[in-house]
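All remarks here apply to the structure that follows.
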Amino acid sequence: MTGFGRALVDFDAGGARGRRLRVEIRSVNHRGLDLKVRAPQPDAFCEAEIGRAVRAAVERGSVTVHIREEAQPARAGIDEARAQKVHAALERLRAELAIAEPVGLAAIAAFMSASDGGGLEGEALWEALRPGVERALGDLVGTRRREGAALAEDIGGRVERLGALVAEIRAATAGLPERFARKIEERLAALRGQPGFEPARIAQEAALMAERLDVSEELVRLATHLEHLGELRRAPGAVGRKLDFFVQEVGRELNTIGSKAQDARVSGLVIDGKAELEKLREQAQNVE
């Protein structure tokens, strides 16, 4: 299912007073769980914790977590004490490396600007980000639930339509073996008394063919699968993979009925059922 969540995280890091990060989590449809974390400065510990949090909230979907530095208005004034420390450190490094060029204000400003983005890593960074990740995940789950409610209603309608088609198939196939047996009898009536005509053998073959035309077992299984689909539509938790399974089983039974019945009306109903089932399959793939 699709979803979106966003949160802002304000914290201090390495002298970066008022640092702000924006956490955005997006999800789109996917058969499994595909997670990507994109951050300006990769951190293995933090990414692992983000992965745990996402997996605890989402079981299916292509999920992308974006962590971005939020642009902040320039602050008035200069942290003179920090600038002096940076200058002293750079001067010491210049002397050690025997660099003739003196340390200027541009170098100090560049170093201070670069160091404003860091300061936290590993567990400390995750603890700072955790509230924002949790809020963004909460928003994401909320939007996915709203979409899930709409999908459940649509799936319920399609299951009902499939049930109506199955009822028509049951009515159309109710007397199919008997009709076939009568048709065979009528065609063979003209051959009775001819040399080589074996009534017992003909009766046996007709009985076997009539048995092959019997789709009562397939109809029972089909009704059971549709009942399971209806129950899953109302079930709590992740049901997407179970929906996929029963949709596949419904398709299997429809194919069997279509191949066994050998009746034009039944074939038309099976085609209508498979068309409705394909729409149901597409919706089921959107469900977690």
*Which of (1) over 30 Å from ASP214 (Cβ atoms); (2) in a helix (DSSP H, G or I) is the odd one out, the single condition ILE169 does not satisfy?*
(1)
_For the structure I just gave you, tell me whether SER62 is over 30 Å from ARG145 (Cα atoms) and either at pLDDT 85 or above or part of a helix (DSSP H, G or I) (or both)._
no
*For the stretch 265-278, enumerate the residues that are surrounded by 14 or more Cβ atoms within 10 Å (Cβ to Cβ) and either touching a Lys or Arg at 6+ places or on another chain (Cβ under 8 Å) or within 15 Å of ARG252 (Cβ to Cβ) (or both).*
VAL270, GLY273, LYS274, GLU276, LEU277
_Exactly one of these conditions fails for GLY240: (1) surrounded by 14 or more Cβ atoms within 10 Å (Cβ to Cβ); (2) within 18 Å of ARG158 (Cβ to Cβ); (3) at pLDDT 85 or above. Give me its number._
(3)
*Which residue pairs have Cβ atoms closer than 7 Å, lie 6 or more positions apart in sequence or on different chains, and pair a first residue in the stretch 29-45 that is surrounded by 13 or more Cβ atoms within 10 Å (Cβ to Cβ) with a second residue that is among the basic types (Lys, Arg) and modelled with pLDDT under 85?*
HIS30/ARG60; LEU33/ARG60
_On the basis of being among the acidic types (Asp, Glu), in the same structural domain as GLU127 (by TED's automatic domain parsing) and assigned to a helix (DSSP H, G or I), does GLU47 make the cut?_
yes
_Looking at the stretch 209-227 only, could you name the residues that are assigned to a helix (DSSP H, G or I) and more than 13 Å from LEU162 (Cα to Cα)?_
MET209, ALA210, GLU211, ARG212, SER216, GLU217, GLU218, VAL220, ARG221
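The values are calculated or read from the model by the stated rules, or taken from the named source; none is laboratory data. Since the model is a prediction, treat every value here as computed from it, not as a measurement. Heads up, the Cβs are rebuilt from the backbone with ideal geometry, glycines too, and the neighbour counts pull from every protein chain shown.
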